[in-house]
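J.: Structure provided below as C-alpha cells; questions to follow.
The values are calculated or read from the model by the stated rules, or taken from the named source; none is laboratory data. The structure presented is a predicted model; accordingly, all values stated were derived computationally and were not measured. Don't worry about glycine lacking a Cβ; one is built from the backbone with ideal geometry, like all the others, and counts go over all protein chains shown.
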Amino acid sequence: MVLLLSFADALLTLTLISHGASEVNPLMDPLVRGSGHSFAYWKIGLTAVGVVVLTLMARLRIWGRAVGNVLYVALAGYVVLVVYELFLLRNIPLD
C-alpha cells in the first residue's frame with residue numbers, strides 16, 4: 001500500500017505542478033523542474049528501498065518499539081498526503 005500511495009502521490013504531484021503548484025520538498029524540487037519521469041523514478045525507487053529495509057528490520061526493537069511500526073506511520077502519512085492532494089486538485093481551476 002505504501003508503494004501504491006507513493007505512486008499516486010507522484011502522479012498527483014506532477015498533475016498539481018502542471019497546474020501551477022510548486023514542490024515544497026527541496027530535495028525533490030530540482031527533479032520536478034526537470035523531467036517528470038526522473039522525479040517519479042527517484043520517488044518510487046527511494047520509497048521502495050525504504051519499504052524493503054523497514055520490512056527486513058520489522059522485528060527489531062528500538063527503544064522498546066518494533067521498527068515495523070514505522071511502515072504503518074508511513075502508510076498513514078501517505079494516506080493524509082494523497083487525500084490533501086486530491087483536495088487541492090478538486091479546488092483549483094483546471095483549464
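J.: Out of curiosity, is Thr13 in a helix (DSSP H, G or I), of a type in the set (S, T, N, Q) and in contact with a Ser or Thr (Cβ under 6 Å, 6 or more places away or on another chain)?
T.: It is false that Thr13 is in a helix (DSSP H, G or I), of a type in the set (S, T, N, Q) and in contact with a Ser or Thr (Cβ under 6 Å, 6 or more places away or on another chain).
J.: Additional query: Working only within the stretch 1-22, note down all residues that are within 11 Å of the chain's Cα centre (by Cα) and among the hydrophobic types (A, V, I, L, M, F, W, C).
T.: Of everything in the stretch 1-22, those that are within 11 Å of the chain's Cα centre (by Cα) and among the hydrophobic types (A, V, I, L, M, F, W, C) turn out to be Val2, Leu3, Leu4, Leu5, Phe7, Ala8, Ala10, Leu11, Leu12.
J.: Restricted to the stretch 49-92, and to residues that are of a type in the set (D, E, K, R) and either within 20 Å of Ala10 (Cα to Cα) or in contact with a Lys or Arg (Cβ under 6 Å, 6 or more places away or on another chain) (or both), which residue is modelled with the highest pLDDT?
T.: So, considering only residues that are of a type in the set (D, E, K, R) and either within 20 Å of Ala10 (Cα to Cα) or in contact with a Lys or Arg (Cβ under 6 Å, 6 or more places away or on another chain) (or both), the one modelled with the highest pLDDT is Glu85.
J.: Scanning the stretch 28-48 for residues that are surrounded by fewer than 16 Cβ atoms within 10 Å (Cβ to Cβ) and either modelled with pLDDT of 90 or more or outside any helix (DSSP H, G or I) (or both), which turns out nearest to the chain's Cα centre (by Cα)?
T.: Once the filter is applied, the top-ranked residue is Ile44.
J.: Which of the residues that make up the stretch 49-95 are under 27 Å from Ser18 (Cβ atoms), of a type in the set (Phe, Trp, Tyr) and surrounded by fewer than 11 Cβ atoms within 10 Å (Cβ to Cβ)?
T.: Passing the criteria: only Phe87.
Residues checked against (1) more than 15 Å from Val2 (Cα to Cα); (2) not hydrophobic (A, V, I, L, M, F, W, C):
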{"position": "Thr13", "(1), (2)": "yes, yes"}
{"position": "Val24", "(1), (2)": "yes, no"}
{"position": "Phe39", "(1), (2)": "yes, no"}
{"position": "Arg59", "(1), (2)": "yes, yes"}
{"position": "Asn69", "(1), (2)": "no, yes"}
{"position": "Leu75", "(1), (2)": "no, no"}
{"position": "Val79", "(1), (2)": "no, no"}
{"position": "Tyr84", "(1), (2)": "yes, yes"}
{"position": "Ile92", "(1), (2)": "yes, no"}
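J.: Within the stretch 8-22, count every residue that is loosely packed, with under 15 Cβ neighbours inside 10 Å and within 23 Å of Leu71 (Cβ to Cβ).
T.: Matching residues across the stretch 8-22 total 1.
J.: Given the conditions (1) assigned to a helix (DSSP H, G or I); (2) within 12 Å of the chain's Cα centre (by Cα); (3) surrounded by fewer than 14 Cβ atoms within 10 Å (Cβ to Cβ), and given that Asn25 satisfies all but one, which numbered condition is not satisfied?
T.: It is condition (1) that Asn25 fails.
J.: Applying the selection to the stretch 59-92, what residues are free of Cβ contacts under 8 Å to residues at least 60 places away in the same chain, outside any helix (DSSP H, G or I) and either more than 18 Å from Thr47 (Cα to Cα) or touching a helix residue (DSSP H, G or I) at 6+ places or on another chain (Cβ under 6 Å) (or both)?
T.: Listed by number, the residues that qualify are Arg59, Leu60, Arg61, Ile62, Trp63, Gly64, Arg65, Ala66, Asn91.
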